[in-house]
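Worksheet: one structure, shown below.
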Amino acid sequence: MNIKWLGHSCFLISSKDGKRIFLDPCDRGTGYDIHDIDCDVLLISHSHHDHNNVSSATGNYKLIDKIGEYDLGDIKIKGIKTYHDKESGSKRGENIVFIIDIDGKRLVHMGDYGESLSEEFIKELGKVDIMLIPVGGVYTIDAKEACDIIDRVKPCVVIPMHYKTSALTFSLGDVSEFTSALEGYEIIKAESDIETDDIESGCVIMKYEGEK
């Protein structure tokens with residue numbers, strides 16, 4: 001599996017057989033210019049402009065923007081209803097956490113997860129190999145809350161997202177707040193293209209430079 005970070009919470013995941021999953025594309029108002037991404041599946045966690053720029057996707061793709069289970073042959077996707085805030089969505093609405101079983105690994109994209117973690121949710125996630133998690137606070141969980149989730153879920157590999165960069169036009173916490181609070185993981189500075197077969201368990205993949 002190849003994971004390509006495109007900015008903010010947006011990723012392009014390619015399976016070994018070439019299927020492409022495009023997640024949470026943001027619009028140009030965020031400061032990132034993401035466009036013309038050819039994909040087979042487009043996942044949208046919620047309807048905010050920094051996550052639902054459907055026009056950036058191309059190809060004969062399947063759009064998944066609702067909770068439920070989706071069988072795509074070698075790839076299984078499950079969308080779980082969560083909230084964007086700690087008031088059951090009354091401030092910012094609902095959010096979908098996507099569980100993707102692909103190439104023998106379980107990848108979880110947390111979207112704009114903003115609520116407190118529950119035991120029921122942990123059980124539903126199961127054993128997580130790769131977690132893509134927001135860490136910038138303000139609109140989602142912050143660095144400390146992200147660390148608490150990681151400590152309880154114990155994913156093999158963590159990729160932080162939704163944090164302040166030189167490209168982003170609005171204020172979020174810096175990724176260093178997350179890395180300084182995290183324990184038990186080796187921090188690896190990587191390029192935006194990541195081959196998962198090349199990374200070890202117990203690490204955090206970071207991308208500090210070269211934002212879109």
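Only one entry in LEU63, LEU23, LEU12, LEU43 is surrounded by fewer than 18 Cβ atoms within 10 Å (Cβ to Cβ), among the aliphatic types (A, V, I, L, M) and modelled with pLDDT of 95 or more, namely LEU63. Within the option set ASP17, ASP38, ASP33, being under 24 Å from VAL175 (Cα atoms), surrounded by fewer than 23 Cβ atoms within 10 Å (Cβ to Cβ) and acidic (Asp, Glu) holds for one residue only, ASP33. When the residues of the stretch 147-162 are filtered to those that are surrounded by fewer than 24 Cβ atoms within 10 Å (Cβ to Cβ) and in a loop (DSSP other than H, G, I, E, B), the one that is nearest to the chain's Cα centre (by Cα) is PRO155. For HIS49, indicate whether it is buried (at least 18 other Cβ atoms within 10 Å of the Cβ), within 16 Å of the chain's Cα centre (by Cα) and under 22 Å from ASP142 (Cβ atoms). It is false that HIS49 is buried (at least 18 other Cβ atoms within 10 Å of the Cβ), within 16 Å of the chain's Cα centre (by Cα) and under 22 Å from ASP142 (Cβ atoms). Comparison of LEU168, LEU172 shows that the only residue that is in contact (Cβ under 8 Å) with a residue 60 or more places away in the chain and either in a helix (DSSP H, G or I) or more than 30 Å from ASP17 (Cβ to Cβ) (or both) is LEU168.
Per the listing LYS127, LYS144, LYS105, the residue uniquely within 21 Å of PHE22 (Cβ to Cβ), surrounded by fewer than 18 Cβ atoms within 10 Å (Cβ to Cβ) and over 14 Å from the mean Cα position of the chain (by Cα) is LYS105. The set of residues in the stretch 66-100 that are part of a strand (DSSP E or B), acidic (Asp, Glu) and surrounded by fewer than 17 Cβ atoms within 10 Å (Cβ to Cβ) comprises GLU69, ASP71.
Within the stretch 177-211, which residues are among the aromatic types (Phe, Trp, Tyr) and modelled with pLDDT under 80?
Within the stretch 177-211, just TYR208 meets the criteria.
The set of residues in the stretch 45-65 that are in contact with a strand residue (DSSP E or B) (Cβ under 6 Å, 6 or more places away or on another chain) and assigned to a loop (DSSP other than H, G, I, E, B) comprises SER45, HIS46, GLY59, TYR61.
Filtering the stretch 11-43 to residues that are within 17 Å of the chain's Cα centre (by Cα), within 20 Å of ASP101 (Cα to Cα) and without any contact (Cβ under 8 Å) to a residue 40 or more places away in the chain leaves LEU12, SER14, ARG20, PHE22, CYS39, VAL41, LEU42.
Of the residues making up the stretch 187-207, those that are free of Cβ contacts under 8 Å to residues at least 40 places away in the same chain, of a type in the set (A, V, I, L, M, F, W, C) and not in a loop (DSSP other than H, G, I, E, B) are ILE187, ILE188.
For first residues located in the stretch 106-125 and of a type in the set (S, T, N, Q), partners that are surrounded by fewer than 20 Cβ atoms within 10 Å (Cβ to Cβ) and lie 6+ apart or on another chain with Cβ distances below 9 Å form the pairs SER116/LYS86.
The values are calculated or read from the model by the stated rules, or taken from the named source; none is laboratory data. Note that the structure is a prediction, hence the values are computed from the model and not measured. Every residue, glycine among them, receives a Cβ derived from its backbone with ideal geometry; neighbour counts consider all protein chains shown.
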